[in-house]
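Have a look at the structure below before the remarks.
The values are calculated or read from the model by the stated rules, or taken from the named source; none is laboratory data. Just so it is clear, the model here is predicted, and its values are computed rather than measured. Neighbour counts run over all protein chains shown; Cβ positions are idealised from the backbone, glycine included. For the accessible areas, the whole protein counts, side chains as well, though only heavy atoms, and no ligand, DNA or RNA atoms are used. Shrake-Rupley method; radii C 1.70, N 1.55, O 1.52, S 1.80 Å.
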Amino acid sequence: MKTKIFGHRGSSGTHPENTMAAFIEAEKVGADGIELDVHYTKDNQLAVIHDDTVDRTTNGIGLVRNHTLRELQQLDVGSWFSGEFSNERVPSLQEVFSWLQDVPHIQLNIELKYVALDYVQFEEQIVQAIEKYNVMEQVIISSFNHYALKKVNELNPNIECAILYMERLYEPWDYAKTVGATSLHPNVLVTEPTLLIGAKEAGFPVRVYTVNDEDKLKKLMSAHCPAIITDYPEKALKIRREIQGE
């Protein structure tokens, strides 16, 4: 099996992150999947944005949680990257799901940015949206908050969940089972050949984040890593063709 390539926040090395432009570009260049981040808004809607605040990637200021979805979508989320993208807006998760229905070959890795204890009904809304848009087979839920993964698994055990982690965990597949996760998303710095071998034997797909360095991309592909999450999917796909063929 060839290593699958996921665009980190879309093709975020070439387009403003977590925008429809970045997602469309990743699909256009041939990525197998897309990773994105979801926060709760003031009116409890699902917004696709990475940070707790809008300061870094928009022309606004303040916490995402203090903005309604409508207010977020009035912000410019592209000009910080390039004036070419000044019309880009914060997508809702439902908007991405609507697009996903037209690209059934794309997998979507949704990272739950569960950073506040008042994200009431967050997982329920995520699961309901997945079910409503009938994209369960395309979706992977990941999070550093493993309580959130456990809750998703309890709500719908057929949705794939993956633990995000940055530590050197001993046999992480065994731990992942305790929260209902069936795949691993380790940081590239803690990913070694022994992890890939052990995870394969345990039947746990590994998707390594965030891999942009050419030597690391080549090393992981040569080791037949199941999937890589990268800011530069087009570059990663070129390397994959060199190592694993067309």
Just need a number here: residues in the range 209-233 that are touching a residue at least 60 places away in the same chain (Cβ under 8 Å), within 20 Å of His15 (Cα to Cα) and surrounded by 19 or more Cβ atoms within 10 Å (Cβ to Cβ).
7
Looking only at the range 86-95, count how many residues are within 13 Å of His15 (Cα to Cα) and in contact with a helix residue (DSSP H, G or I) (Cβ under 6 Å, 6 or more places away or on another chain).
1
In the range 1-47, the residues that are in contact with a Ser or Thr (Cβ under 7 Å, 6 or more places away or on another chain) and under 21 Å from Ala129 (Cα atoms):
Gly10, Thr41, Lys42, Asp43, Gln45, Leu46, Ala47
Scan of the range 1-15 for residues that are surrounded by 24 or more Cβ atoms within 10 Å (Cβ to Cβ) and in a loop (DSSP other than H, G, I, E, B), ordered by number:
Arg9, Gly10, Ser11, Ser12, His15
Which residue out of Asp55, Asp76 is without any contact (Cβ under 8 Å) to a residue 24 or more places away in the chain and either open to solvent by less than 40 Å² (accessible area, probe 1.4 Å) or closer than 15 Å to Gln125 by Cβ (or both)?
Asp76
Do we have Glu84 as assigned to a strand (DSSP E or B) and either open to solvent by less than 40 Å² (accessible area, probe 1.4 Å) or free of Cβ contacts under 8 Å to residues at least 60 places away in the same chain (or both) here?
no
From the option list Glu137, Glu123, Glu131, single residue qualifying as out of contact with any helix residue (DSSP H, G or I) (no Cβ under 9 Å at 6 or more places or on another chain), of a type in the set (D, E, K, R) and under 19 Å from Ile163 (Cα atoms) is Glu137
Of Lys113, Lys200, Lys151, which residue is under 18 Å from Val48 (Cβ atoms) and either modelled with pLDDT of 95 or more or open to solvent by 20 Å² or more (accessible area, probe 1.4 Å) (or both)?
Lys113
The range 116-141, residues that are open to solvent by less than 30 Å² (accessible area, probe 1.4 Å) and aromatic (Phe, Trp, Tyr)
Tyr119, Phe122
Filter the range 58-73 down to residues that are open to solvent by less than 30 Å² (accessible area, probe 1.4 Å) and not in a loop (DSSP other than H, G, I, E, B) and give me whichever is farthest from Gly13 (Cα to Cα).
Leu69
Selection status of Glu95, of a type outside the set (A, V, I, L, M, F, W, C), in a helix (DSSP H, G or I) and over 24 Å from Thr230 (Cα atoms)
no
Sole residue being in contact with a strand residue (DSSP E or B) (Cβ under 8 Å, 6 or more places away or on another chain) and of a type in the set (A, V, I, L, M), chosen from Ala223, Ala181, Ala202
Ala181
Of the residues in the range 16-49 that are touching a His at 6+ places or on another chain (Cβ under 7 Å) and in a strand (DSSP E or B), the one that is nearest to Gln74 (Cα to Cα) is Ala47
Among the residues of the range 35-52 satisfying the criterion of being in contact with a strand residue (DSSP E or B) (Cβ under 8 Å, 6 or more places away or on another chain) and open to solvent by 40 Å² or more (accessible area, probe 1.4 Å), which is modelled with the lowest pLDDT?
Asp52
